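Chemist: Below is the structure I would like to discuss, written out as structure tokens.
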Amino acid sequence: MSLYLDNAATTFPKPQGVYEAVRYALTEVGASPGRAAHRLARQASSIVADARAKVASMLGIPAAERVIFTRNATESINVVLKGWLRPGDRVLISALEHNSVVRPLWRLRETGIEVTVIPCSPRGVLDLAALKRSLEVPVRLVILNHASNVNGALQPAVEVSELCNSRGTPLLLDAAQTAGLQPIDAGGCNLGMLACSGHKALLGPPGVGILYIRPDLDVLPLVEGGTGSRSEEAAQPGDCPDRYESGTANLPGIAGLGAGIDFIMEKGRNSLLKHEIEMASFIEEGLRGFPGIRLFSPEDRGTGAVSFTIDGINPADAGHVLDEGFDIAVRTGLHCAPLAHRTLGTFPEGTIRVSPGYSTTQADLEYFVKSVRQMIYRRDDD
């Protein structure tokens, strides 16, 4: 079996309970949640409600009905950007944002949306002074990448949320990399919105995203249609989550997400985070001192993602050699985050990113470091 070190993209393997929950939802339940009164439909609804409650508890969301299930974090972000912003609005984003934020905002600029990028240092430190200055003029929305998918740089979400709230500006926290690892209290720090994936550190299957919208914020839905509620009305229901959850829910994915959260609760989120940080430190220590290696370590690490380059070897070529020659799966290039790579100074080639997960062992990483060493010495021999 390949050594999988691309957990920042999606965690693999999943905990056994996730596979079992998906299988059970498909083979034993099968019905659409919220669409009928028969036993199987009620059972499906119960699975969704149970997962919704677990998400709320994990992320500090005050009421489970404020947990909205989407297809992925990208869709969650699009709901907010296209349902909250109006022509002429100002938006502030960090210089580490993912294309899930940058691309929809790029198009929205055509409607008169003004976008300001708050700089970060090459080690991923947000310039809070610049953020404060930018907030002196009315701002409709601030967007913050909680931790970079490129190098794991963690941002001070609580401090930024307090600053935004003092100006009456909602904060959208992109927690795609951190949900399930870092402590998040959406209600406690009065987040405006939160978006994240179910298939990364929450350990669920792909195809499920999560969105939280604070009750006082009127965000228009991105998609409208059947919800199984108030079917006699032509208008979209206004209640949450139905307002944002038109169409048949991804029951197997949501069931798997619930099982992923069960695993996190059983193992302990702090324990899983500690393991990832230790694995990242092991990788960096193992690579440090190799000829031509340049590490892009964050000042404050929030996840296990490690980015590096090797002088004289294009990151894409390095990834190909690791895959074909050593059976190691890593991610190379720009990681859908060219803005972050410009900040780190690694644009346009990008980096080699290795991201351990909950099941990664020290022996795995010893093999990885040894493989990188062999790749470098082969280059030198050539």
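The values are calculated or read from the model by the stated rules, or taken from the named source; none is laboratory data. Given the structure is predicted, the values throughout are model-derived calculations rather than measurements. Please note: Cβ atoms are built from the backbone with ideal geometry, for glycine as well, and neighbour counts cover all protein chains shown. What goes into the accessible areas is simple: the full protein's heavy atoms, side chains included, and nothing from ligands, DNA or RNA. Shrake-Rupley method; radii C 1.70, N 1.55, O 1.52, S 1.80 Å.
Chemist: I need the shape label for region 1-98. Rule: rounded when a/c is under 1.5, else prolate if a/b > b/c, else oblate, with a, b, c from the alpha carbon gyration tensor.
Modeler: Oblate, since a/c reaches 1.5 and b/c is not below a/b.
Chemist: Just by accessible area at a 1.4 angstrom probe, what is the order of Cys240, Cys336 from largest to smallest?
Modeler: Ranked list, largest accessible area first: Cys336, Cys240.
Chemist: If I stretch the segment between Ser2 and Leu26 completely, what's the gain in nm (0.36 nm per residue apart, minus their alpha carbon distance), one decimal?
Modeler: 5.8 nm
Chemist: Extension gain Arg140-Arg230, at 0.36 nm per residue separation less the Cα-Cα distance, in nm?
Modeler: That works out to 29.2 nm of additional length.
Chemist: So, one more: Out of (i) 21.1; (ii) 19.3; (iii) 56.8, which label holds the value of mean projected area of the Cα convex hull in nm² that was computed here?
Modeler: Computed from these coordinates, mean projected area of the Cα convex hull in nm² corresponds to label (ii).
Chemist: Next question, about the same structure. Tell me, what is the 1.4 Å probe accessible area of His320, in Å² to the nearest 10?
Modeler: 110
Chemist: Quick check: Cα centre of region 66-107 to Cα centre of region 338-353, how many Å?
Modeler: When both Cα centres are located, 22 Å separates them.
Chemist: I'd like the carbon and sulfur percentage of the solvent accessible area for region 63-188, probe radius 1.4 Å, heavy atoms only, ligands and nucleic acids excluded.
Modeler: Roughly 51 percent, rounded to a whole number.
Chemist: Further, regarding this structure: In square angstrom, what is the accessible area per residue of the chain with a 1.4 angstrom probe?
Modeler: I get 42 Å² per residue for this part.
Chemist: From largest accessible area down, sort Glu349, Glu110, Glu284; use a 1.4 Å probe on the protein chains.
Modeler: Reading off the accessible areas and sorting them downward yields Glu110, Glu349, Glu284.
Chemist: Follow-up question, since we're still on this one. Ignoring trypsin sites (Lys or Arg not before Pro) that are buried or in helix or strand per DSSP, and keeping those with at most 13 other beta carbon atoms within 10 Å, what is the longest stretch of the chain between them?
Modeler: 1-229
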